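Down below is the structure, laid out as structure tokens.
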Amino acid sequence: MQYGRAIVVPPLRLCASAPLRSCAPAPLRLLIERIEQQLEGAVRLAAEVGAKGKQQHIALAQRDPQQRVAAGEPIGAQQPPAHQQLTGDQRMLVEYKPFEPAFYHTDIADWGMALLLSQSAGPRAKVLVDTGHHYQAQNIEQIVAWLLDLDMLGGFHFNDRRYADDDLTLGSIDPYQIFRIFHEIRHFEWETGRRADIAYMIDQSHNLKGKIEAMIQTVTTAMELYAKAALVDHEKLTSAQSRCALVEAESCLKDAFSTDVRPAIREWAVSKGVAADPMDAFRQSGYLERITAERSQRNLAAVTSYA
């Protein structure tokens, strides 16, 4: 699927209960073939739809310490060939996750592993940060700062979480964390004088909220938090940090975060000829009711069988 400018590779979820968990030669060869086919198909699809990025999330995992803990194999062996197939401005985004589908280990468990695999794959490979793919209380903005400094941050999967990979709507639990992530991006751009080339994507699971309204809410929240981050006075902040004036430095961030940017965003929207309140515009449009009725009629006309 194409989200923004990236092709999302459907993950190979090969759990410990699957036959391929064995490290015997034949299953391992089959596993390598499946990875090759998936990566090659993703590169072709990216070229067909004109996507710039190809996200790689191959969720190989094991449940028990008795199983072999592979050091980047066979994923590491397959990345350079897939990288060589990239053309134009395409790039590979390598995603990591510390757990799931199994809980003893995953082959790309953290940003360090994703970084090493990206560097070994080639210059077009970067790390993708999913905000839900971390341990509790992990400092995600520090990871973002490191990857920016190394020129290895390729993109984001934005969502929010309380315990695990909850895939809740952005900012629904901890909007200040997303603000801090955006701040690190803005500070990097201020410090270096160049724009960070990042693919911003949304990876959420809207099980209770209406799916369209949840997406509108997410995009609106992202715009607001990014606008707040853009208000940080970087010169004042850097000066306070250099003097270890922690209260002053914290105020630089909190003052920006506390600013109500919604009037400015509404004014910007009107200047672009779009609705000042996208949620209200969607609800007033009647689109949801119309497509719900249309799909209900199609479903009634569909012929189904358990045979």
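Bear in mind that the values in this text are calculations on the coordinates, not laboratory data. All of these numbers come straight from a predicted model, not from anything done at the bench. Here the Cβ is made from the backbone with ideal geometry for all residues, glycine too, and neighbour counts use every protein chain on show.
Taking a ≥ b ≥ c as the square roots of the Cα gyration tensor eigenvalues, the stretch 89-196 comes out oblate, since a/c reaches at least 1.5 and a/b does not exceed b/c. As a proxy for reagent exposure, ranking SER205, SER285, SER172 by other Cβ atoms within 10 Å from fewest up yields SER285, SER205, SER172. The fewest-to-most ranking of CYS252, CYS244 by surrounding Cβ atoms within 10 Å reads CYS244, CYS252. Per-peptide packing, taken as the mean over residues of other Cβ atoms within 10 Å, places 92-102, 213-223 in the sequence 92-102, 213-223 from highest down. For a modelled paramagnetic label at ILE291, 7 Å from Cα along Cα-to-Cβ, the residues of the stretch 210-228 in reach, with backbone nitrogen under 12 Å, are 211-216. A straight Cα-to-Cα reach below 19 Å connects LYS272 with the aspartates and glutamates GLU224, ASP280, residues fewer than 8 places away in its own chain not being considered. As a proxy for reagent exposure, ranking GLU40, GLU294 by other Cβ atoms within 10 Å from fewest up yields GLU294, GLU40.
Label sites at GLU250 and GLU189, each approximated as a point 7 angstrom past Cα along Cα to Cβ, lie 2.8 nm apart. Listed by chain and number, the aspartates and glutamates whose C-alpha is less than 16 Å from the C-alpha of LYS126, apart from same-chain residues fewer than 8 away, are ASP89, GLU95, ASP110, ASP149, ASP151, ASP197.
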